[in-house]
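What follows is one structure encoded as structure tokens, with my remarks underneath.
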């Protein structure tokens, strides 16, 4: 049976996250429902994402795969899915993939962006964290401390069943675009709420509510269930997922 790789863009404010939830509108559920309509199947057609995004988190380039026996070509299948999904969720591309392709386990690098708007604007209320009094130089300085491989237990939602809390960070950089600050981070894997905890704590450092020394201590001496600030979900965007093939 053919396997298809899709790239999805969605407005997270319209969904209760990526993963299927009973009686909740999710991105995974939206696409799976569309596939049932297209295939005229009563059975679930599983769509496997590269990773879960929380309620409110957006995506420019989420990647997923599914198996489907269809006579439609990739372009026709893309149009058919989009015709049966909400306008807040759009399939950007569909390609036939190798039968052993795994959107989650084959991913080598994931890119996220977080947006912080320095001011008050209703235009950004669902796409950026509205914050003032931020020292940009401190933001950039603290962001560089996480480059490389570290244990991010302190900067994630604790799970007793998760034994490995290490990640490799390839890119960690803040940019100042006048009123909008953007943070881009790339890593081989991200723990639950990891980017939001990192951003929230960096912003605390930049506003003098937390020190760089305290930040480094949490990084080098990992602790579970640390009481630090978590940035809101609506400022976070999954940019893209990279693969070797």
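Among 182, 145, which is the only one that is in a strand (DSSP E or B) and in the same structural domain as residue 214 (by TED's automatic domain parsing)?
Within the list 182, 145, the selection yields 182.
Return the residues of segment 201-224 that are in contact with a helix residue (DSSP H, G or I) (Cβ under 9 Å, 6 or more places away or on another chain) and either farther than 22 Å from residue 157 by Cβ or in a loop (DSSP other than H, G, I, E, B) (or both); say none if nothing qualifies. Walk me through it before giving the result.
Taking segment 201-224 as the starting set, the residues that turn out to be in contact with a helix residue (DSSP H, G or I) (Cβ under 9 Å, 6 or more places away or on another chain) are 201-212, 214-219, 221-224.
If the condition is that a residue be in contact with a helix residue (DSSP H, G or I) (Cβ under 9 Å, 6 or more places away or on another chain) and either farther than 22 Å from residue 157 by Cβ or in a loop (DSSP other than H, G, I, E, B) (or both), then 206, 207, 208, 209, 210, 211, 212, 221, 222, 223, 224 are the ones that fit.
Within segment 74-100, how many residues turn out to be touching a helix residue (DSSP H, G or I) at 6+ places or on another chain (Cβ under 7 Å), under 24 Å from residue 57 (Cα atoms) and in a strand (DSSP E or B)?
Matching residues across segment 74-100 total 5.
Restricted to segment 148-177, and to residues that are in a loop (DSSP other than H, G, I, E, B) and within 14 Å of residue 195 (Cβ to Cβ), which residue is modelled with the lowest pLDDT?
157
Going by the structure shown, is residue 36 more than 24 Å from residue 106 (Cα to Cα), in a helix (DSSP H, G or I) and over 20 Å from the mean Cα position of the chain (by Cα)?
Yes, satisfied.
Pick from 60, 10: which is surrounded by 18 or more Cβ atoms within 10 Å (Cβ to Cβ) and modelled with pLDDT of 95 or more? Don't jump to the end; show me each part of the working.
Values: 60 fails: surrounded by 18 or more Cβ atoms within 10 Å (Cβ to Cβ).
None of the other options fit; the residue is 10.
The values are calculated or read from the model by the stated rules, or taken from the named source; none is laboratory data. Since we're looking at a predicted model, the values are computed, not measured. When we count neighbours, we look across all protein chains shown, and the Cβ atoms used for this are built from the backbone with ideal geometry, even at glycine.
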